Amino acid sequence: MWECDYLVVGAGAMGMAFVDTLLAQGDLKVIMVDRQAAPGGHWLAAYDYVRLHQPALWYGVPSTPLGPGGPHLAAKQEILDYYAALLRSWAGRVTFFGEFEYDFASGVARGPGGAVHEFAVRRRLVNAAYLEAPVPSRCVPAFEVAPGARLVPPNALVHSRAERYTVIGGGKTGIDAVLYLLARGVDAAAVTWVVPNDAWLWDRSVLQPDSPEPLFRFLFQLTLAAGRGKEPMEGSGAFPRLDEGVAPRKWRCATVSPQEVRALRRVERVVRLGRVVRLGETRILLELGEVPTSRETLHVNCTADGLITRPKVEIFGDRAITLQSLLMCQQIASAAIIAFVELRSRQPASVLPAWAPVPQPQAPEDFWRCMAMTRRNERRLRAVPGFARWWASCRLNYMSHVRRGLAARARTALRAAWHWRALRAGSRRLDAMMRLHSAQFYAETVADAVGEGKSAEALLARDAAFRSAAPEFQREVRQILVKMQKAA
């Protein structure tokens, strides 16, 4: 029987950020269990040409920088070395069981050679693998593949050569595969790209802390979009798209640079006929039609869903923690925040509306809803003792780097101050939009509970967070509940 304060299942990016924060805040004994032999999660099976989509400046764990700083995008091996070094530095405080499968039902971990371990956990069991997504290299295609068709995972591109290439999938994995082929010198005319759904992309230049002006321009446009009650993608300058003539139906926080967008637009053979149904030797059958292919064409399966949406569950249970995102598109930072809250909050929340897990956005209309949930969590975090000071200097907080850059450059700070004043002028419109979407989410959560035989008013009366909310918010929630009841 192994004893520990925290048993963390999953040694990927979220699990490592959680443990690092625990160790910095207290003298604790931690055990980590992972089905893989080393820490790093999905990075262990990633394709060799993958890089971070955001600057390494705020990726990893709070205690240890990754990379040289600035706009550097860390590569796969650099990230794996980073996590391996971290685990070594935790010797004596963290015990790692690699190649072990943990069974949540029995509380037993089983590993090589029939080894079985049981654990006595003094504080909490932490599920750091709840948001684990399928790895592209192991993704089984959801379409039929003819025996003579050439289909490979994105990992195989490094060692493969062909006369023509067809990349199947329009997400970030597909983007990476197309960019890799072009960087390798493959003629854009030799590349076909199957894009079932066009998506808005996130301009990486907005996320450069050494050049914060694009961020402030985006935030200003955000207030204008809130005033119009529209998604902020069109006209903000922060969300490019593959084709200006095609209206995107997806938005999943995929991040690219302006240079990468220009490179992607060089590929003219873009197929927009829905998902692939069957890959044949000479034809590709799709939901809305078919296109020719050939036996000489190498098809690259980039259809894995890298950021899946899981059912919402409580983050803080009685004896367990399920790591999820508290901030939109910031899963790793959220894991560190949850660890801080766990150790510092006098009253850890176990009610879902108080700590709303923010789902991965799927479509443009999800932007405001996810932002509203993020804002709700941010307000709740202000009540956690010491959080504001810790978060202001945490390296996983993008804005901490922006503030440092502004402090170092007074001239830019003056321009930024103007933007902040403009933002404050539009904040009432923004908050009104946030409040409406937050009320919608809260009402849906209450309605779910009412469906289990409980009274909506009784639930509202028992929720201290609702009782302390603004009267406008309470009124909107009740109005939405009435509309939902009539619709049912």
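Below is a table of values for the structure above.
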| read-out | value |
| --- | --- |
| A335 vs. criteria in contact with a Gly (Cβ under 9 Å, 6 or more places away or on another chain) and modelled with pLDDT under 90 | no |
| Selection count where residues are surrounded by 19 or more Cβ atoms within 10 Å (Cβ to Cβ), out of contact with any Pro (no Cβ under 8 Å at 6 or more places or on another chain) and either assigned by TED's automatic domain parsing to the domain that holds P65 or of a type in the set (K, R) (or both), scope the range 377-395 | 1 |
| Test for T322: is it over 23 Å from R123 (Cα atoms) and modelled with pLDDT of 95 or more | no |
| Qualifying residue in the range 174-181 (condition: of a type outside the set (D, E, K, R), within 24 Å of R295 (Cα to Cα) and assigned to a loop (DSSP other than H, G, I, E, B)) | no |
| Strands (runs of 3 or more DSSP E) lying entirely in the range 41-144 (those with 3 or more residues that are touching a residue at least 40 places away in the same chain (Cβ under 8 Å)) | 94-98, 116-127 |
| Qualifying position, being at pLDDT 95 or above, assigned to a strand (DSSP E or B), within 25 Å of the chain's Cα centre (by Cα) and over 28 Å from C4 (Cβ atoms), among V300, V277 | V300 |
| Single residue of L327, L286, L273, L323 found to be surrounded by 18 or more Cβ atoms within 10 Å (Cβ to Cβ) and assigned by TED's automatic domain parsing to the domain that holds A190 | L286 |
| Residue under evaluation S345, criteria (1) at pLDDT 95 or above; (2) among the polar types (S, T, N, Q); (3) out of contact with any His (no Cβ under 8 Å at 6 or more places or on another chain), criterion not met | (1) |
| Which listed residue is more than 20 Å from D176 (Cα to Cα), not in a loop (DSSP other than H, G, I, E, B) and not hydroxyl-bearing (S, T, Y), from L327, L285 | L285 |
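Okay, residues lined up against (1) at pLDDT 90 or above; (2) polar (S, T, N, Q); (3) in the same structural domain as A75 (by TED's automatic domain parsing):
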residue	(1), (2), (3)
R161	yes, no, no
R164	yes, no, no
V206	no, no, no
T223	no, yes, no
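The values are calculated or read from the model by the stated rules, or taken from the named source; none is laboratory data. The shown structure was predicted, so the numbers you read here are calculated from the model rather than taken from an experiment. Using ideal geometry, Cβ is built from the backbone for each residue, glycine included, and neighbour counts are taken over all protein chains shown.
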